[in-house]
Amino acid sequence: MRTNSLIIKGINSSLSNRTGQWSSRQAEIDPKKCIKCHQCFLYCPEGCVEILEDGKNVRVNKDYCKGCGVCAVECSVKAIKIISNL
Ligand code: SF4
Ligand code: SF4
């Protein structure tokens, strides 16, 4: 059976493939709910959650987020939503 899916091989592959350019879903952080625990930073398999210069706040680098949802699952206060780009 033929599918239209695209296979990206290798860990951390979004950094070389700029996954966020074509991903249909991406993470969005609500800074009002965020308690700056950095679990999302630790668990993101692509390393695209960034800690800002203040050492507290986080943001998602949309160029590389593949929308896998790991960060949203690990966020204990539900500050992250996975948003459809479609
Ligand atoms: S896991 Fe949630 S609360 Fe913790 S830093 Fe990330 S968004 Fe903020
Ligand atoms: S959805 Fe979250 S864990 Fe997955 S790539 Fe994007 S920022 Fe990283």
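I want to confirm something. Restricting to the stretch 73-86 and keeping residues that are surrounded by fewer than 18 Cβ atoms within 10 Å (Cβ to Cβ) and assigned to a strand (DSSP E or B), which single residue is farthest from ligand 2 (Cβ to nearest atom)?
Among them, the one singled out is S84.
Residue by residue through the stretch 33-72, note down the ones that are near ligand 1 (Cβ under 10 Å from one of its atoms) and in a helix (DSSP H, G or I).
Scanning the stretch 33-72 gives Q39, C40, F41, L42, Y43, C71, A72.
How many residues are among the β-branched types (V, I, T) and modelled with pLDDT of 85 or more if we restrict to the stretch 8-35?
Of the residues in that region, 2 qualify.
The values are calculated or read from the model by the stated rules, or taken from the named source; none is laboratory data. Computed from a predicted structure; not experimentally measured. Glycine also receives a Cβ, built like all others from the backbone with ideal geometry; neighbour counts cover every protein chain displayed.
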